[in-house]
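Trainee: Got a structure for you, written out below as structure tokens; questions coming shortly.
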Amino acid sequence: MENFIAYNPVKLHFGKNVTNKLGNVAASYGKNILLVYGKGSVKKHGYYDIIVKQLKSANCRIYEFSGIKPNPLVDDVDTAVRYASDKSIDAIVALGGGSVIDSAKIISVCIPGNYKGWDIMKRKVTPDAAIPVIAILTLAATGTEMNPNAVLQNPVTMEKIGYNNEHTFPAHSFLDPQFTFSVPPKQTAYGIVDLIAHALENFFGEGESNLSDLFIASIIRDAIHYGPLVMKEPRNYDYRANIMWDATCALNGVTAWGKVVGDWGVHAIGHQLSMLYDLPHGATLSIVYPAWLNLQLSRIPERIQTLGKLIYNNEDAKETIDNLTRFFSSLNGPVSLAEVSIGNDNKLEIINLMNKNKVSGFYHKLSDNDHMLLVNLMM
Ligand code: NZQ
Ligand code: ZN
């Protein structure tokens with residue numbers, strides 16, 4: 001096991017009606033609240049009303065910034081920072097899924113120093129302060145509610161990249177599984193794929209930690225158990241609650257402590273597909289993971305065997321890959337580029353972008369030749 005520092009300062013409020021406490025928590029930072037949300041699902045399903053009522057009951061002054069898109073854009077972050085700059089914002093309430101919460105995290109570190117979002121993302125400047133972010137999660141997937149990561153796209157440079165530092169943890173996160181009842185089937189499936197992918201990225205990372213392997217296997221087994229149930233009964237509280245907690249634990253540090261670093265090559269490839277075709281994050285992962293595992297089959301067979309033993313009690317590496325692929329398919333996650341109408345004509349532009357952005361894992365390095373092999377495996 002490697003030396004490590006375990007640090008996670010997020011106060012996570014989990015369960016039925018936990019947002020009842022939101023007003024007091026927000027007001028403890030001050031009266032001026034920047035409320036950030038997406039394209040309107042939170043209004044349609046009533047979460048916006050619940051949150052605004054809470055904030056008003058605590059006499060908060062609400063400034064709204066809406067329209068954050070899935071695969072969020074750095075331009076929207078910059079626009080939000082300009083909007084907020086003269087409003088003495090005391091806290092940011094981010095109401096939505098990963099895209100909204102990630103955007104809020106970067107807004108929170110841009111406001112104090114009046115930084116540009118992309119300068120933060122590219123680490124040209126280092127923020128030393130942040131407006132506290134209070135996340136109200138409406139979609140179980142990314143784990144952003146309990147980690148410091150934020151992922152943004154820049155269509156000018158054709159990059160989708162991640163960022164984190166000690167200031168980008170949410171101060172509080174409120175997770176009421178009832179807020180996820182309305183997540184549509186496709187998006188629910190992508191969330192399940194995403195959480196499994198996070199567990200796998202750490203499983204295939206560098207370093208050995210037996211407990212990490214066991215945490216990872218437990219999370220994946222739980223998702224394989226509850227995934228099909230939640231797809232059948234999307235308004236079942238227990239099913240939604242279990243998937244929500246799986247997603248949080250898959251990327252809150254617990255699976256990474258004791259290891260050197262996760263791999264994240266599959267995520268890096270997925271980000272190229274989101275950049276090029278605006279595919280939802282989870283859909284990119286159900287396409288890329290089977291291809292990546294098949295590429296690695298002859299390179300790291302023992303590690304895939306260990307995964308199979310822990311998840312399926314089956315040490316056959318190829319069967320493990322096929323089982324995972326079938327599971328993604330059973331949720332209606334795409335497992336090839338063809339399923340999302342990306343064909344041979346697109347191959348070159350994908351390979352070129354992967355080459356340009358030097359896509360690789362931290363541990364399992366990918367060469368230009370691997371990029372070509374992977375794109376062929378995804379077809
Ligand atoms: O825009 P609105 O109207 O809010 O609709 C959203 C959006 O269309 C909708 N939605 C969210 N909650 C809903 C709902 N619809 C009905 N009922 C609800 N309760 O779902 C759509 C997708 O939302 P989005 O926030 O984009 O999804 P997700 O949570 O999967 O976030 C994806 C983003 O997070 C990044 C991804 O790359 C992607 O940009 N990631 C962030 C990570 C992190 N911060 O740790 C790690 C991940 O690996 C990932 O990279
Ligand atoms: Zn992910």
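Trainee: Going through the stretch 84-176, which trypsin sites (Lys or Arg not before Pro) have at most 10 other Cβ atoms within 10 Å and a DSSP loop state?
Mentor: Details: sites: K87, K105, K116, K122, R123, K124, K160; in loops: K87, K116, K122, R123, K124.
Sites meeting the loop and neighbour criteria: R123, K124.
Trainee: May I pose another question? How would M158, M244 rank on accessible area, largest to smallest, probe 1.4 Å? Display every interim value, and only then the final one.
Mentor: On the way: M158 60, M244 0 Å².
Putting M158, M244 in descending order of accessible area: M158, M244.
Trainee: Rounded to the nearest whole Å², what accessible area per residue is found for the stretch 185-378 with the 1.4 Å probe?
Mentor: On the way: 7810 Å² over 194 residues.
Here the per-residue accessible area is 40 Å².
Trainee: Given the protein chains as shown and a 1.4 Å probe, how many square angstrom of E319 are accessible, to the nearest 10?
Mentor: 90 Å²
Trainee: How large is the dipole of the stretch 185-378 about the Cα centre if only Lys and Arg carry +1 and Asp and Glu carry -1, each at its Cβ, rounded to the nearest 20 debye? Intermediate results must be reported in sequence, preceding the final value.
Mentor: Values: 15 positive and 21 negative charges, 36 e Å.
About 180 debye.
Trainee: Can you check what the net charge comes to around C110, using other residues whose Cβ is under 9 Å from the Cβ of C110 (Lys, Arg +1; Asp, Glu -1)? Can you show the working numbers first?
Mentor: Details: positive: K116; negative: D78, D119.
Taking every other residue near C110 into account, the sum is -1.
Trainee: Using a simple spin-label model with points 7 Å from Cα along the Cα→Cβ vector, what separation in nm is obtained for F4 and N323?
Mentor: For the pair F4/N323, the computed spacing is 2.4 nm.
Trainee: Using label points projected 7 Å from each Cα along Cα→Cβ, tell me how many nm separate N355 and E208, to one decimal.
Mentor: The answer from the label model is 3.9 nm.
Trainee: How many percent of DSSP beta bridges within the chain run antiparallel, rounded to 5? Could the numbers behind the result be given before it?
Mentor: Working: 6 of 29 bridges.
Of those bridges, close to 20 percent are antiparallel.
Trainee: Okay, next question. Could you compute the net charge surrounding G162? Neighbours are other residues with a C-beta less than 12 Å from the C-beta of G162; K and R count +1, D and E count -1.
Mentor: Numbers: positive: K105, K122, R123, K160; negative: D102, E159, E201.
Residues near G162 contribute +1 overall.
Trainee: Same structure again: Could you put S182, S367 in order of accessible surface area, largest first, with the 1.4 Å probe and the full protein assembly present?
Mentor: Values: S182 30, S367 55 Å².
So the residues, ranked largest to smallest area, are S367, S182.
Trainee: What is the local net charge at L373, summed over the other residues whose Cβ is closer than 13 Å to its Cβ (Lys, Arg +1; Asp, Glu -1)?
Mentor: Details: positive: R299, K347; negative: D368, D370.
Net of charged neighbours comes to 0.
Trainee: Okay, next question. State the percentage of accessible surface on the chain attributable to carbon and sulfur atoms; use a 1.4 Å probe and exclude ligands, DNA and RNA. Can you show the working numbers first?
Mentor: On the way: 7880 of 15620 Å².
Reported share for carbon and sulfur atoms: 50 percent.
Trainee: First measure r as the distance between the Cβ atoms of V156 and K347, then evaluate 1/(1 + (r/R0)^6) with R0 = 22 Å and state the FRET efficiency to the nearest 0.05. Spell out each step's value before the answer.
Mentor: On the way: r = 24 Å, r/R0 = 1.09.
Approximately 0.35, to the nearest 0.05.
Trainee: Mark the label point 7 Å from the Cα of K44 along Cα→Cβ and return the residues of the stretch 178-222 whose backbone N is within less than 20 Å of it.
Mentor: 178-192
Trainee: Can you give the accessible area of F65 in Å² (nearest 10), computed on protein heavy atoms with a 1.4 Å probe?
Mentor: Rounded to the nearest 10, the figure is 20 Å².
Trainee: Treating cross-link reach as a plain straight distance, find the lysines whose alpha-carbon is under 28 Å from the alpha-carbon of K31, omitting any fewer than eight places away in the same chain.
Mentor: Within the straight-line limit of under 28 Å, K31 reaches these lysines: K11, K16, K21, K39, K43, K44, K53, K56, K69, K87, K105, K116.
The values are calculated or read from the model by the stated rules, or taken from the named source; none is laboratory data. Since the structure is predicted, the reported quantities are computational estimates derived from the model, not experimental observations. Reconstructed Cβ throughout: ideal geometry from the backbone, glycine too, with neighbour counts over all protein chains shown. Please note that ligands, DNA and RNA were not included when accessible areas were found on the heavy atoms of the full protein model with its side chains. Shrake-Rupley method; radii C 1.70, N 1.55, O 1.52, S 1.80 Å.
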